[in-house]
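The values are calculated or read from the model by the stated rules, or taken from the named source; none is laboratory data. Values in this document were obtained by computation on a predicted structure and should not be read as measured data. Please note: Cβ atoms are built from the backbone with ideal geometry, for glycine as well, and neighbour counts cover all protein chains shown.
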Ligand SMILES: Cc1cc2nc3c(=O)[nH]c(=O)nc-3n(C[C@H](O)[C@H](O)[C@H](O)COP(=O)(O)OP(=O)(O)OC[C@H]3O[C@@H](n4cnc5c(N)ncnc54)[C@H](O)[C@@H]3O)c2cc1C
């Protein structure tokens with residue numbers, strides 16, 4: 001019940017100001033956000049590499065309102081890629097991007113987002129890595145899939161995300177399960193109406209398994225974005241049944257969540273990628289993490305109370 005309320009608060013400027021200024025917030029944010037700058041995130045990438053993990057890097061900041069901010073978002077990713085090149089970390093790290101941050105919701109947003117994301121995809125390819133387009137709320141997805149298709153003409157390794165809670169996703173998965181495609185499957189983190197998405201967690205989980213089967217039996221590269229132990233076991237089983245080797249799919253989890261599981265899966269020989277978010281505009285990302293697990297809200301509330 002609390003999840004939808006927190007997700008509604010994630011769209012409120014008043015709540016943003018209140019939560020950002022609360023004294024105990026930083027301590028809780030630090031669990032999910034790896035740092036504010038590229039310099040702070042580099043040691044985390046190295047540490048992950050030392051543990052046999054890979055990362056996908058997300059510069060947070062989806063709530064932009066001007067084309068200048070969209071260009072700044074593009075430049076932040078280009079700066080990151082430059083640093084990865086200098087440090088020769090390109091093969092350990094890929095990028096995750098939200099097209100809203102590249103201008104998708106502004107006037108002429110589809111073209112603007114495509115124009116801003118293309119140089120990032122090009123720069124990533126030049127250092128031997130790639131970009132995955134995150135999935136945001138359902139109104140943005142036709143544009144996201146069209147941009148994905150356009151980018152794949154020149155950069156076929158560009159990935160995208162599909163969300164099991166949406167009714168449309170089983171059909172999207174059938175289209176995307178083709179040779180050379182890279183698809184991350186997640187449950188879905190936005191507040192969606194009953195006209196487009198399952199409202200019941202059990203229905204979403206069942207859809208996740210059906211979609212996962214389509215991806216595993218298809219010819220693409222499935223990326224399983226979940227911390228759910230039951231779904232992880234099912235993914236291993238479906239991978240085995242589909243005759244996939246361990247490096248023919250990968251698991252992905254978020255920085256700060258079930259970290260011991262990251263290590264366990266990597267030690268079993270799986271490819272394990274940690275979605276590592278960093279930057280200063282963390283509000284939307286942080287609120288989605290609170291909404292996913294109401295216990296986080298209790299922890300957050302306690303932290304604010306003890307510091308104030
Ligand atoms: C790599 C990755 C990329 C993602 N990209 C997107 C995206 O592009 N678009 C999108 O809509 N969603 C994205 N998500 C979020 C996703 O949609 C879910 O909201 C999130 O993963 C929680 O679902 P779950 O599969 O872990 O299962 P759940 O049933 O929610 O969680 C299973 C268990 O994981 C742990 N857990 C899960 N979330 C948390 C949390 N926030 N804090 C503490 N413990 C937690 C708990 O132990 C919980 O019992 C992404 C998730 C991952 C892992």
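Pairs meeting the criteria (first residue in the stretch 89-105 and within 18 Å of residue 50 (Cβ to Cβ) and within 16 Å of the ligand (Cβ to nearest atom), second residue assigned to a loop (DSSP other than H, G, I, E, B) and modelled with pLDDT under 95, beta carbons under 7 Å, at least 6 apart or on different chains) are lacking. Filtering the stretch 24-39 to residues that are over 22 Å from residue 291 (Cβ atoms) and touching a residue at least 12 places away in the same chain (Cβ under 8 Å) leaves 35, 36, 37, 38. In contact with a strand residue (DSSP E or B) (Cβ under 8 Å, 6 or more places away or on another chain), closer than 26 Å to residue 132 by Cα and in contact (Cβ under 8 Å) with a residue 24 or more places away in the chain: does that describe residue 52? Yes. Being surrounded by 15 or more Cβ atoms within 10 Å (Cβ to Cβ) and in contact with a helix residue (DSSP H, G or I) (Cβ under 6 Å, 6 or more places away or on another chain): is that true of residue 9 here? Considered against the rule, which asks whether it is surrounded by 15 or more Cβ atoms within 10 Å (Cβ to Cβ) and in contact with a helix residue (DSSP H, G or I) (Cβ under 6 Å, 6 or more places away or on another chain), residue 9 comes out as yes. Looking only at residues in the stretch 61-73 that are modelled with pLDDT of 95 or more and crowded, with 21+ Cβ neighbours inside 10 Å, the one that is nearest to residue 41 (Cα to Cα) is 73. Would you be able to say whether some residue in the stretch 203-213 is surrounded by 22 or more Cβ atoms within 10 Å (Cβ to Cβ) and free of Cβ contacts under 8 Å to residues at least 40 places away in the same chain? Yes, the stretch 203-213 contains at least one residue that is surrounded by 22 or more Cβ atoms within 10 Å (Cβ to Cβ) and free of Cβ contacts under 8 Å to residues at least 40 places away in the same chain. Just to be sure, is residue 306 more than 9 Å from the ligand (Cβ to nearest atom), part of a loop (DSSP other than H, G, I, E, B) and under 30 Å from residue 21 (Cα atoms)? The answer is no for residue 306.
Filter the stretch 264-292 down to the residues that are more than 10 Å from the ligand (Cβ to nearest atom), out of contact with any helix residue (DSSP H, G or I) (no Cβ under 7 Å at 6 or more places or on another chain) and closer than 17 Å to residue 231 by Cα and list them by number. Within the stretch 264-292, 264, 265, 266, 268 qualify. Taken over the stretch 258-299, the criterion of being over 22 Å from the mean Cα position of the chain (by Cα) and outside any loop (DSSP other than H, G, I, E, B) is satisfied by 267, 298, 299. Output the residues belonging to the stretch 245-254 that are more than 9 Å from the ligand (Cβ to nearest atom) and crowded, with 17+ Cβ neighbours inside 10 Å. 249, 250 - these are the residues of the stretch 245-254 that are more than 9 Å from the ligand (Cβ to nearest atom) and crowded, with 17+ Cβ neighbours inside 10 Å.
If you go through the stretch 219-244 and pick out every residue that is crowded, with 19+ Cβ neighbours inside 10 Å, more than 9 Å from the ligand (Cβ to nearest atom) and not in a helix (DSSP H, G or I), you end up with 3. Against the conditions (1) assigned to a helix (DSSP H, G or I); (2) within 11 Å of the ligand (Cβ to nearest atom), residue 172 satisfies every one except (2). Residues of the stretch 142-153 include none that is within 25 Å of residue 231 (Cα to Cα) and away from the ligand (no atom under 16 Å from the Cβ).
Being away from the ligand (no atom under 12 Å from the Cβ) and either in a helix (DSSP H, G or I) or under 23 Å from residue 274 (Cβ atoms) (or both), is that true of even one residue in the stretch 180-195? Yes. Of all positions in the stretch 123-131, at least one carries a residue that is over 14 Å from the mean Cα position of the chain (by Cα), on the phi > 0 side of the Ramachandran plot and either surrounded by 14 or more Cβ atoms within 10 Å (Cβ to Cβ) or outside any helix (DSSP H, G or I) (or both). Looking for something surrounded by fewer than 17 Cβ atoms within 10 Å (Cβ to Cβ) and within 17 Å of the chain's Cα centre (by Cα) - is there at least one such residue anywhere in the stretch 17-24? No, the stretch 17-24 has no match at all. Scanning for something in a loop (DSSP other than H, G, I, E, B) and buried (at least 23 other Cβ atoms within 10 Å of the Cβ), does the stretch 140-160 turn up at least one residue? Yes, because at least one residue in the stretch 140-160 is in a loop (DSSP other than H, G, I, E, B) and buried (at least 23 other Cβ atoms within 10 Å of the Cβ).
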